[in-house]
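Read-outs throughout are calculated quantities, based only on the coordinates presented, and are distinct from any laboratory measurement. For clarity, every value in this text was computed on a predicted model and none was experimentally measured. Glycine gets a Cβ as well: all are built from the backbone with ideal geometry, and neighbour counts include every protein chain shown.
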Amino acid sequence: MTTTIQTITLRSSQHFGRRVPSKALGHLLEILPDTVRQSVRMAVEGRSRAKGKRPDWLRAAGDIRFLGHEGEDDTVLHFEAPILGDAAPRLYEQQELWPAKPAPEDSGFDILADVLLDVAARNVESERFDRQLLDQIYNLRHVLNGTFHEMALTGCRHSAEQPVVVTPSVVEIARNLYANTPLPRQARIAGQLDMLRGSTQSFAVLLDDGQEIRGVLKEGDIERLGPLLNRRVLVLGTAVYRPSGKLLRVDAEEVTLASGRQDFFSTIPRPAWKQFDLQDTVREQRHKMGIAAVIGKWPGEESDEQIEQSLKELS
């Protein structure tokens, strides 16, 4: 299998170099493999996590190895990462479904870099992340917590001269995108089963108005849906949304032959949501009666650290 060497550079005002604090390094080495793996899965399947055993292609594509570190001022970490086309050749033998599917020459570091760029750009229409992946990226706060103030990531498409840079503000953007992404909701969708992709349990349904719904079969073998291809089906499952409120995918629990036209369900399910920003609410309190104005607005998605800091600002 072809591999490539990628780096992550950690910068600090204390200029740790090779003498990197073990706790911060440990946090990164713990967080990074899952973040790369979830980013790759998102690019290929349109979802970052799934229950059950990881597919062989995902284990191979996400098999990054830490080789060591160096540096006199910055701390430079070296990793070995597989090239996706070699790690998961079956994925590139089948018809394209997800537009964000990575190039076979990419590594998992390239895919993570693309995710981070979309987060930094506050791309609320991005197909490169979902709520679970945003939550995973927010874990980088344990690395960029004052010990280090910047992380620079390279990949096959991102050189050391032009790396993708992550700062605490980017991590905070991930938190805001997560908090403002509508929660998934139950959905019933009718349309023509337009495409199946066995390697990733993926499918597409064409609605009556010509729009396409992407879905993932949560359990069972998607090949059993073969007899339904190009026929009108009814999809029962969970609608998953982007931060903009537009549909990202449907996690299907069941796909059956539709009885009758079911025209009423041949539409994109709308989310029930209201944007929420903890800091905006905190600023509002300064003109009201403190915590009383928060009642009825708190979504329950904030970390203990964020709540504590915001309550301090109210006092």
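Observations
- Taking the Cα centre of the stretch 111-201 as reference, the dipole from Cβ charges on Lys and Arg (+1) and Asp and Glu (-1) amounts to some 320 debye.
- Spin-label model distance (nm) - residue 186 vs residue 160, 7 Å beyond Cα toward Cβ: 5.6
- Kirkwood-based shape ratio for the stretch 30-102, expressed as Rg/Rh from alpha carbons: 1.05
- Largest to smallest principal axis extent of the C-alpha atoms in the stretch 144-207, angstrom: 51, 31, 17
- Spacing of the modelled spin labels on residue 236 and residue 264, each 7 Å from Cα toward Cβ, amounts to 1.6 nm.
- Once the gyration tensor of the Cα atoms in the stretch 1-155 is diagonalised, the equivalent ellipsoid follows with semi-axes of 27, 17, 13 Å, ordered largest first.
- In plain terms, the chain from residue 93 to residue 65 could stretch by 7.4 nm, reckoned as 0.36 nm per residue minus the Cα-Cα distance.
- Calculated SAXS-style log₁₀ I(q)/I(0) at q = 0.23 Å⁻¹ - the stretch 87-198, Debye, Cα scatterers: -1.30
- Translational diffusion coefficient (Stokes-Einstein; Kirkwood radius from C-alpha pairs) of the stretch 60-145 at 20 °C, 1.002 mPa s, in µm²/s: 143
- Using θ = phi - 60° and Karplus 6.51 cos²θ - 1.76 cosθ + 1.60, couplings along the stretch 200-215 (whole Hz; Gly, Pro as x): 10, 6, 9, 8, 9, 10, 9, 7, 4, 8, x, 6, 10, 9, 9, x
- Legend: P(r) of the stretch 213-264 from all alpha carbon pair distances, 10 Å bins from 0, whole percents, reading 23, 50, 24, 3.
- Net charge dipole, the stretch 1-88: roughly 520 debye, given to the nearest 20, about the Cα centre with Cβ charges of +1 for Lys and Arg and -1 for Asp and Glu.
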